[in-house]
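**Q** There's a structure below that I have some questions on.
The values are calculated or read from the model by the stated rules, or taken from the named source; none is laboratory data. This is a predicted model, so every value here is computed, not measured. Methodologically, a virtual Cβ is constructed for each residue, glycine included, from the backbone with ideal geometry; neighbour enumeration extends over all protein chains shown.
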Amino acid sequence: MPEARIILSQTAIYLATSPKSNSSYLAIDEALAEAEKSGNLPVPLHLRNAPTKLMKELGYGNEYKYAHSYSGNFVEQDFLPKELNDKKFYEPGDNSKEAEIKKRLSAQWKKYNY
């Protein structure tokens, strides 16, 4: 176990020297504020598990798109309740890593105008 100090050192250096951003901090604060404001909204039917016959009859899981069945393991579908359907919580920052993320989000999630 003495060699664990090396990977711990590498991890600490990597984190200390990586580009910094508060985008995640801002995103989680915005999401928590929205949850507080909106309250308990229903999970979209297509995302709900349907372990029973009744749930299947009620439409649970209908039209669910399994991302890994699509090119690039991505498929556009709504994951938020309809009341929040177009709400964007994360806005990438200006550092190089988040520029890559923004480029990918822009290609995948056109409706959010990244």
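**Q** For the subset of the stretch 83-114 comprising residues that are part of a loop (DSSP other than H, G, I, E, B) and either under 13 Å from the mean Cα position of the chain (by Cα) or among the basic types (Lys, Arg) (or both), which member is farthest from PRO44 (Cα to Cα)?
**A** Per the criteria, the residue is PRO92.
**Q** Hey, could you check the stretch 41-76 for residues that are assigned to a loop (DSSP other than H, G, I, E, B), under 19 Å from ALA31 (Cβ atoms) and not β-branched (Val, Ile, Thr) and say which is nearest to the chain's Cα centre (by Cα)?
**A** Among those residues, the one meeting the criterion is PRO44.
**Q** Looking at SER23, SER9, SER18, can you tell me which residue is more than 19 Å from the chain's Cα centre (by Cα) and either in contact (Cβ under 8 Å) with a residue 60 or more places away in the chain or surrounded by fewer than 10 Cβ atoms within 10 Å (Cβ to Cβ) (or both)?
**A** Unique residue meeting the criteria: SER18.
**Q** Oh, and also: Yes or no: the stretch 86-97 includes at least one residue that is hydroxyl-bearing (Ser, Thr, Tyr) and either under 30 Å from SER18 (Cβ atoms) or touching a His at 6+ places or on another chain (Cβ under 6 Å) (or both). Before you say what the answer is, go through the steps one by one.
**A** In the first step, residues of the stretch 86-97 are kept if they are hydroxyl-bearing (Ser, Thr, Tyr); the result is 90, 96.
This time we only want the ones that are either under 30 Å from SER18 (Cβ atoms) or touching a His at 6+ places or on another chain (Cβ under 6 Å) (or both), so: 90, 96.
Within the stretch 86-97 (the criterion being hydroxyl-bearing (Ser, Thr, Tyr) and either under 30 Å from SER18 (Cβ atoms) or touching a His at 6+ places or on another chain (Cβ under 6 Å) (or both)), the answer is yes, since at least one residue qualifies.
**Q** For the stretch 35-53, check the following and say yes or no: at least one residue is in contact (Cβ under 8 Å) with a residue 40 or more places away in the chain and surrounded by 10 or more Cβ atoms within 10 Å (Cβ to Cβ).
**A** Yes: the stretch 35-53 contains one or more residues that are in contact (Cβ under 8 Å) with a residue 40 or more places away in the chain and surrounded by 10 or more Cβ atoms within 10 Å (Cβ to Cβ).
**Q** Further question on the same structure: Out of ASN62, ASN49, ASN73, ASN95, I need the residue that is under 30 Å from TYR14 (Cα atoms), of a type in the set (S, T, N, Q) and modelled with pLDDT of 95 or more. Which one?
**A** ASN73
**Q** Hey, ASN62 hits all of (1) in contact with a helix residue (DSSP H, G or I) (Cβ under 9 Å, 6 or more places away or on another chain); (2) touching a residue at least 40 places away in the same chain (Cβ under 8 Å) but one; which does it fall short on?
**A** (2)
**Q** Are any residues in the stretch 75-93 out of contact with any helix residue (DSSP H, G or I) (no Cβ under 9 Å at 6 or more places or on another chain) and surrounded by fewer than 13 Cβ atoms within 10 Å (Cβ to Cβ), and if so, which ones?
**A** Of everything in the stretch 75-93, just one residue is out of contact with any helix residue (DSSP H, G or I) (no Cβ under 9 Å at 6 or more places or on another chain) and surrounded by fewer than 13 Cβ atoms within 10 Å (Cβ to Cβ), namely LYS82.
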